[in-house]
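Take a look at the structure set out below.
The values are calculated or read from the model by the stated rules, or taken from the named source; none is laboratory data. Since this is a predicted model, take the numbers as computed values, not measurements. Glycine gets a Cβ as well: all are built from the backbone with ideal geometry, and neighbour counts include every protein chain shown.
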Amino acid sequence: MKRLIVIVFAVLIPIVIVGGGLLWVESPSAFTQFFNRTPATTVVTPTGAKSNTTTSTNVAVAAPISPAAYKNATYSIDGHSFTLVNGHAESPVVAGSASRLVTDFFGDEVVGNLNADTLGDAASLITQSSGGSGTFYYVVVAIQTAHGVVGTNAILLGDRIAPQVVTISNRKIMVSYAERKLTDPMTVQPSIMVSKNFELINGILTEVQSK
């Protein structure tokens, strides 16, 4: 009788110890299915966040944006639109004036996904001057859509600053640059390091506080 009980427990109710826990296996096929299961795979999404999925196939990847797209986009500065052509735009400061308002693509561009789609966007810096000594630096974003590229509003960084780097992480933009003290004359080289963060909120480029 004891031998029979041992046989019943050994054949019909095997207990498999897995990873420090107990797994009840009702049949040899269930045992096989467990060890042949597909493990969860960690996939990095275009936003940089991690998500768990059961497959690594057909993972959406951000489509890149071409330099020609963001160097020929239309951006808005203080409510006025400027369309760059090969990274350059000019217009009279006022109607009939000989003075020219010059807007240029500066660079420091970085490509990444800045909204909820799978298309790559570009954050970059542009400058604007009106013939005087001032050169004003702005951060802008070119948003790639299914119907083309849309430029955002520009946010002023400062006059004659020294840009360092632009980065994108978790759909946020960080711009690092050097500026002067408020008491410094403009002839002094920028030496005070500053970092500012920006984010697209409902398609509007907005400065946000770092966390």
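Please enumerate the residues belonging to region 132-145 that are surrounded by fewer than 18 Cβ atoms within 10 Å (Cβ to Cβ) and touching a strand residue (DSSP E or B) at 6+ places or on another chain (Cβ under 8 Å). Gly134, Thr135, Thr145, listed by residue number. When the residues of region 103-132 are filtered to those that are part of a strand (DSSP E or B) and among the polar types (S, T, N, Q), which remaining residue is farthest from the chain's Cα centre (by Cα)? Only one residue tops the list, namely Ser129.
Only residues that are closer than 12 Å to Val139 by Cα and surrounded by 15 or more Cβ atoms within 10 Å (Cβ to Cβ) were counted across region 149-166, and they come to 9. A single entry from Gly132, Gly151, Gly112, Gly107 fulfils the requirement of being closer than 19 Å to Ser91 by Cα and modelled with pLDDT under 95: Gly132. For region 112-131, a residue qualifies if it is hydroxyl-bearing (Ser, Thr, Tyr) and either surrounded by 21 or more Cβ atoms within 10 Å (Cβ to Cβ) or under 18 Å from Tyr75 (Cβ atoms) (or both), and the qualifying residues are Ser124, Thr127, Ser129, Ser130.
Reported count of residues in region 87-102, each being assigned to a strand (DSSP E or B) and of a type outside the set (S, T, N, Q), is 7. Residue count for region 192-207 under the criterion of being among the aromatic types (Phe, Trp, Tyr) and loosely packed, with under 13 Cβ neighbours inside 10 Å: the result is 0.
The lone criterion from (1) over 16 Å from the mean Cα position of the chain (by Cα); (2) modelled with pLDDT of 95 or more; (3) within 28 Å of Ala63 (Cβ to Cβ) left unmet by Met174 is number (1). One residue stands out in region 177-191 among those that are assigned to a strand (DSSP E or B) and either in contact with a Gly (Cβ under 8 Å, 6 or more places away or on another chain) or modelled with pLDDT under 95 (or both): the one that is surrounded by the fewest Cβ atoms within 10 Å (Cβ to Cβ), namely Glu179.
Which one is farthest from the chain's Cα centre (by Cα), of the residues in region 147-162 that are part of a loop (DSSP other than H, G, I, E, B) and in contact (Cβ under 8 Å) with a residue 12 or more places away in the chain? So, considering only residues that are part of a loop (DSSP other than H, G, I, E, B) and in contact (Cβ under 8 Å) with a residue 12 or more places away in the chain, the one farthest from the chain's Cα centre (by Cα) is Arg160. Taking the criterion of being within 14 Å of Val140 (Cβ to Cβ) and more than 24 Å from the chain's Cα centre (by Cα), the only residue of region 83-93 that qualifies is Ala89.
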